[in-house]
Amino acid sequence: MLRLENVEVYYGVIRALKGITLKVEKGEIVSLIGANGAGKTTTLRTISGLLTPKSGKIYYNDQDITYVPPYKRVGMGIAHSPEGREIFTTLTVYENLVLGSYLRNDREGIEKDINWIFSLFPRLKERLSKPAGTLSGGEQQMLAIGRALMAKPQLLMLDEPSLGLAPILVEELFEVIEDINKQGTTILLVEQNANMALSISQRAYVLETGSVKMEGDAKELQENEDVKKAYLGA
Amino acid sequence: MGKILTVLLIELLILIVSVFALKIESTVGFLLLLVSIVFAIYYGAKNEKIRYRLQDAFSSSRRFALILGIILIFIFPLFFMDSPYWVFVITIGVIYIILAIGLNMMLGSLDLVNLGFAAFFGIGAYTVGMITAKYGLHLPYLIVLLLAGIVAMIFGLLLCLPTMGMKGYYFSLTTIAFGLAVELTINNLEWTGGPGGIKNIPHISLFGLNLGDSYTVFGYDLPFQLNYFYFALVIMLLVMLVAWLIHNSRIGLSWNAIKEDDIAARAQGINIKVYRIYAFAIGSFIAGVAGAIFAPLMGYIAPTNFTYAHSITMVAMVILGGIDNIMGIALGAFLLSIAPEKFRAFSDYRMLIYALIIILMVIYRPQGLIPKKIRKYDFIGGAKDE
Ligand SMILES: Nc1ncnc2c1ncn2[C@@H]1O[C@H](COP(=O)(O)OP(=O)(O)OP(=O)(O)O)[C@@H](O)[C@H]1O
Ligand SMILES: [Mg+2]
């Protein structure tokens with residue numbers, strides 16, 4: 001479904017991605033793990049088109065999308081729930097969700113999905129017409145995920161969705177992510193909580209300073225001694 | 001019933017205070033009144049109980065409040081039949097309300113601080129002056145009005161495209177340069193009449209009526225300025241309606257999303273360039289329309305009517321009244337277009353006072369006197385305002 005080939009990305013003169021190659025197949029949950037500054041967020045932003053590679057190619061459903069602008073990629077089915085809750089704090093919860101469905105025209109489908117999101121995150125329903133900035137950190141995180149889901153994406157990219165959530169909510173969240181996946185959405189997941197991420201993923205990539213250091217079956221990586229030592233806190 | 005009474009009393013109070021404010025002769029008296037108005041609004045908005053009661057009253061009898069408000073505005077100038085000058089001043093006030101709502105399309109909706117907005121006003125006015133006075137073409141006035149809007153819009157797009165990626169100071173600096181360039185050009189071009197401007201701009205004639213004529217109703221000779229007031233008022237109400245519809249549409253919501261975070265907005269699939277073009281096109285068109293009312297009302301226009309100082313004034317109006325709130329903007333524009341008439345003694349300090357207002361508002365009340373309201377929804381995709 002998604003393929004990156006030797007993608008290099010720069011911030012000015014800083015080379016943040018040094019030739020990343022990875023793929024995501026339809027129906028999978030794939031995790032990207034790695035230390036702070038490894039380039040995980042940069043990878044997701046490049047896939048959603050907010051950054052443009054200096055070299056390399058991005059293919060989506062066998063179509064070269066390397067230079068397709070972000071708003072068109074959303075239309076093609078790629079949604080991104082960004083790191084650090086980049087929700088619209090001055091707009092209401094409802095408006096945030098409506099903006100997530102910006103490119104859709106099926107009013108009934110939108111209504112259905114809003115209700116689905118409320119069933120995933122009941123807390124959001126109670127705060128429907130409150131400015132999103134008045135939500136707690138965890139609620140904002142839920143809203144960011146809900147907003148990405150409103151695009152009815154084929155590929156959902158989640159950047160550290162568990163950031164700032166209470167442990168009990170983290171478990172719930174991962175269940176929700178598995179649920180979303182079961183309903184047919186392919187997921188590319190970035191997580192600090194590597195153990196949890198690996199346990200719901202089929203495959204994973206380990207990034208280190210802008211390169212893919214390891215890749216493979218999620219369960220095998222979970223058992224790998226180097227991975228355990230470096231990322232699983234064992 | 002109590003609610004309707006509340007609405008009635010509040011709106012009558014506003015009418016009486018406004019009439020009184022204009023009639024009052026002494027500068028000190030006016031200043032005291034102005035300060036008490038500002039404080040009344042400020043504390044009224046702060047006091048939960050009062051605010052709740054008023055909100056409740058106005059939102060449960062919206063239609064009544066709106067119709068009564070419009071009726072009272074139509075009655076308003078009749079208190080000044082003895083002095084056509086004041087009718088003229090409040091007509092200018094209405095024109096500035098139109099301008100401020102146009103400016104809000106950029107400033108309020110997208111946070112684009114356009115410090116050259118008077119240029120679009122001038123371009124609209126000059127378009128009318130050139131067509132009707134210089135070339136003496138006898139086009140129907142509504143066509144001329146439309147042309148003024150379109151020419152201003154073309155200049156708006158000319159400013160929009162090269163500034164597409166600009167934000168903050170860079171954008172504002174460029175708009176200052178644009179405003180000055182337009183001002184200097186009309187000042188130096190012989191074609192536009194140079195510093196002398198354009199004289200003898202004919203009055204508007206509309207549906208067989210000449211707005212320059214004085215009409216007699218029930219034995220009263222009404223000053224011709226009153227015709228212009230009513231005409232400007234109708235255009236103002238139309239512009240407000242359009243602005244309100246846009247604010248509550250997909251465009252308004254997308255503008256607000258882009259304003260808050262353009263990266264996140266792009267990630268939702270919003271084409272931010274297109275929305276920026278909308279903002280410039282609509283905003284400058286409205287300014288051009290305002291110019292098309294201004295020119296025939298004045299009969300004489302010159303570059304000095306459309307300077308940097310005028311642009312700053314318009315920004316101050318939006319910031320004082322309330323960014324993204326139509327009623328707030330109207331209040332700000334009206335206050336600041338009446339105030340100079342009352343403070344003739346201080347006219348040298350006018351710009352200083354505007355600068356002070358902007359600074360104080362930004363520090364103490366960045367949302368303006370009447371802040372933006374949260375949109376209310378009752379169906380997906382469309383908003384209902386409170
Ligand atoms: N806007 C930016 N300008 C310049 N450099 C940046 C920018 N954003 C990220 N970088 C640099 O690019 C590299 C990769 O950053 P990135 O945000 O992709 O890391 P990450 O893997 O998501 O880290 P974290 O786990 O902390 O979120 C880092 O060295 C970072 O300092
Ligand atoms: Mg990151």
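The values are calculated or read from the model by the stated rules, or taken from the named source; none is laboratory data. In this text the structure is predicted, and so the values were computed from the model without any measurement. Ideal geometry is used to build each Cβ from the backbone, glycine not excepted, and the neighbour counts take in all protein chains shown.
So if I check each of A:ASP159, A:ASP179, which one is within 14 Å of chain B (Cβ to nearest Cβ), acidic (Asp, Glu) and on the phi < 0 side of the Ramachandran plot?
Being within 14 Å of chain B (Cβ to nearest Cβ), acidic (Asp, Glu) and on the phi < 0 side of the Ramachandran plot holds for just one of A:ASP159, A:ASP179, which is A:ASP159.
I'm trying to understand the selection: among the residues of region A:88-97, which are part of a helix (DSSP H, G or I) and either in contact with a His (Cβ under 9 Å, 6 or more places away or on another chain) or facing another protein chain (nearest Cβ under 7 Å) (or both)?
If the condition is that a residue be part of a helix (DSSP H, G or I) and either in contact with a His (Cβ under 9 Å, 6 or more places away or on another chain) or facing another protein chain (nearest Cβ under 7 Å) (or both), then A:TYR94, A:GLU95 are the ones that fit.
Please verify whether A:LEU124 is in contact with a helix residue (DSSP H, G or I) (Cβ under 9 Å, 6 or more places away or on another chain), crowded, with 22+ Cβ neighbours inside 10 Å, more than 10 Å from chain B (Cβ to nearest Cβ) and of a type in the set (A, V, I, L, M, F, W, C), treating the condition exactly as stated.
Against the criterion (in contact with a helix residue (DSSP H, G or I) (Cβ under 9 Å, 6 or more places away or on another chain), crowded, with 22+ Cβ neighbours inside 10 Å, more than 10 Å from chain B (Cβ to nearest Cβ) and of a type in the set (A, V, I, L, M, F, W, C)), A:LEU124 qualifies.
For region A:67-82, name all the residues that are crowded, with 18+ Cβ neighbours inside 10 Å and assigned to a loop (DSSP other than H, G, I, E, B).
Result: A:GLY77, A:PRO82.
Scan region B:38-67 and report the pairs whose first residue is within 15 Å of B:GLY2 (Cβ to Cβ) and whose second residue is not in a helix (DSSP H, G or I), with Cβ atoms within less than 7 Å and a gap of 6+ or a chain change.
From residues that are within 15 Å of B:GLY2 (Cβ to Cβ), the pairs are B:SER59/B:GLU386.
Quick check on my filter: what residues within region A:1-31 are surrounded by fewer than 19 Cβ atoms within 10 Å (Cβ to Cβ) and within 16 Å of ligand 2 (Cβ to nearest atom)?
Answer for region A:1-31, where residues must be surrounded by fewer than 19 Cβ atoms within 10 Å (Cβ to Cβ) and within 16 Å of ligand 2 (Cβ to nearest atom): A:TYR11, A:ILE14.
What is the one condition in (1) within 14 Å of chain B (Cβ to nearest Cβ); (2) away from ligand 1 (no atom under 16 Å from the Cβ); (3) modelled with pLDDT of 90 or more that A:GLN63 does not satisfy?
(1)
Check A:GLY100 against each of (1) away from chain B (no Cβ under 14 Å); (2) crowded, with 21+ Cβ neighbours inside 10 Å and name the one condition it does not meet.
Unmet condition: (1).
Taking A:ILE47, is it within 14 Å of chain B (Cβ to nearest Cβ), within 16 Å of ligand 1 (Cβ to nearest atom), closer than 15 Å to A:MET157 by Cβ and among the hydrophobic types (A, V, I, L, M, F, W, C)?
Criteria met by A:ILE47.
Quick check on region B:128-137. Is at least one of its residues within 20 Å of the chain's Cα centre (by Cα) and at pLDDT below 90? Break it down into steps so the answer makes sense when it comes.
So in region B:128-137, the residues within 20 Å of the chain's Cα centre (by Cα) come out as B:128.
So of that shortlist, the ones also at pLDDT below 90 come out as none.
There is no residue in region B:128-137 that is within 20 Å of the chain's Cα centre (by Cα) and at pLDDT below 90.
Working only within region A:66-82, note down all residues that are within 14 Å of another protein chain (Cβ to nearest Cβ) and of a type in the set (S, T, N, Q).
A:SER81
Among the residues of region A:177-197, which ones are surrounded by 18 or more Cβ atoms within 10 Å (Cβ to Cβ), of a type outside the set (Ser, Thr, Tyr) and away from ligand 1 (no atom under 16 Å from the Cβ)? First the steps, then the outcome.
Taking region A:177-197 as the starting set, the residues that turn out to be surrounded by 18 or more Cβ atoms within 10 Å (Cβ to Cβ) are A:177, A:180-181, A:185-191, A:193-194, A:196-197.
Add one more test, that the residue is of a type outside the set (Ser, Thr, Tyr), and what stays is A:177, A:180-181, A:187-191, A:193-194, A:196-197.
Once the filter is applied, which keeps residues that are surrounded by 18 or more Cβ atoms within 10 Å (Cβ to Cβ), of a type outside the set (Ser, Thr, Tyr) and away from ligand 1 (no atom under 16 Å from the Cβ), region A:177-197 yields A:ILE177, A:ILE180, A:ASN181, A:ILE187.
Taking the condition touching a residue at least 24 places away in the same chain (Cβ under 8 Å), part of a helix (DSSP H, G or I) and within 14 Å of chain A (Cβ to nearest Cβ), does B:ILE251 pass? Lay out the reasoning, then the answer.
On the way: touching a residue at least 24 places away in the same chain (Cβ under 8 Å): yes; part of a helix (DSSP H, G or I): yes; within 14 Å of chain A (Cβ to nearest Cβ): yes.
Yes.
Taking the options A:GLY37, A:GLY19, A:GLY56, A:GLY27, name whichever one is in a loop (DSSP other than H, G, I, E, B) and more than 9 Å from ligand 1 (Cβ to nearest atom).
Result: A:GLY27 is the single residue among A:GLY37, A:GLY19, A:GLY56, A:GLY27 that is in a loop (DSSP other than H, G, I, E, B) and more than 9 Å from ligand 1 (Cβ to nearest atom).
Conditions tested, residue by residue: (1) assigned to a loop (DSSP other than H, G, I, E, B); (2) within 14 Å of chain A (Cβ to nearest Cβ); (3) surrounded by 15 or more Cβ atoms within 10 Å (Cβ to Cβ).
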residue	(1), (2), (3)
B:PHE171	no, no, yes
B:VAL182	no, no, yes
B:SER214	yes, no, no
B:TRP255	no, yes, yes
B:ALA264	no, yes, yes
B:VAL274	no, yes, no
B:ILE282	no, no, yes
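What about A:ALA218, is it closer than 11 Å to A:ILE29 by Cα and either within 16 Å of ligand 2 (Cβ to nearest atom) or within 15 Å of the chain's Cα centre (by Cα) (or both)? Outline the logic, then answer.
Values: closer than 11 Å to A:ILE29 by Cα: yes; either within 16 Å of ligand 2 (Cβ to nearest atom) or within 15 Å of the chain's Cα centre (by Cα) (or both): no.
Spelling it out, it is not the case that A:ALA218 is closer than 11 Å to A:ILE29 by Cα and either within 16 Å of ligand 2 (Cβ to nearest atom) or within 15 Å of the chain's Cα centre (by Cα) (or both).
For B:ILE75, indicate whether it is surrounded by 12 or more Cβ atoms within 10 Å (Cβ to Cβ) and assigned to a helix (DSSP H, G or I).
Here the answer is no, as B:ILE75 does not meet what is asked.
Within the bounds of region A:206-220, is there any residue that is among the basic types (Lys, Arg) and part of a strand (DSSP E or B)?
Yes, the conditions are met somewhere in region A:206-220.
Exactly one condition in (1) within 16 Å of ligand 2 (Cβ to nearest atom); (2) surrounded by fewer than 22 Cβ atoms within 10 Å (Cβ to Cβ); (3) closer than 22 Å to A:SER48 by Cα is false for A:GLY164; which is it?
Status for A:GLY164: all satisfied but (3).
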